[in-house]
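Shown next, in structure tokens, is the structure this report addresses.
The values are calculated or read from the model by the stated rules, or taken from the named source; none is laboratory data. Note that the coordinates shown come from a computational prediction; the quantities given were computed from them, not determined experimentally. All Cβ positions, even for glycine, are placed from backbone atoms using ideal geometry, and neighbour counts span all protein chains on display. For the accessible areas, the whole protein counts, side chains as well, though only heavy atoms, and no ligand, DNA or RNA atoms are used. Shrake-Rupley method; radii C 1.70, N 1.55, O 1.52, S 1.80 Å.
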Amino acid sequence: MNYRKILFSAIITAMVGAVISLAALQIGNKDFNQPKYQSQAYKELREHYIHIGTILGFILGAGQECVRQLKSKRESNR
């Protein structure tokens, strides 16, 4: 397995996940300057949106590249 390719794919999809999470955060606001929900649970969740999106993107990117490499390895062995 090419670990450099896996890491590159994971980093790129982590950045995409961060951007998507920031977009979801802005879409969830009624007014961009005033949060839609005021409870403490939602305030804490808003602080972690970018981390959640980045981690999910990293995991999905690494997993996708691993599957792609394993598939090409399996097809070359046939």
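Of the chain, which part is the longest with no chymotrypsin sites (Phe, Trp or Tyr not before Pro) in a loop (DSSP not H, G, I, E, B) and with at most 15 other C-beta atoms within 10 angstrom?
Answer - 38-78.
Measure nothing fancy, just the Cα-based angle from helix 3-27's long axis to the longest principal axis of the chain, in degrees from 0 to 90, nearest 10.
20
Give me the percent of the accessible area of the chain that comes from carbon and sulfur atoms, probe 1.4 Å, all protein chains in place.
64
If one computes P(r) from the Cα atoms of the chain, what percent of pairs lie at distances over 18 Å?
Tail of P(r) above 18 Å: 53 percent of Cα pairs.
Using the heavy atoms of the protein chains and a 1.4 angstrom probe, tell me the accessible area per residue for the chain in square angstrom.
81
Once the Cα atoms of helix 40-77 and of the chain are each reduced to a long axis, what angle between those two axes, in degrees from 0 to 90 to the nearest 10, is obtained?
So the helix axis and the longest Cα principal axis differ by about 10 degrees.
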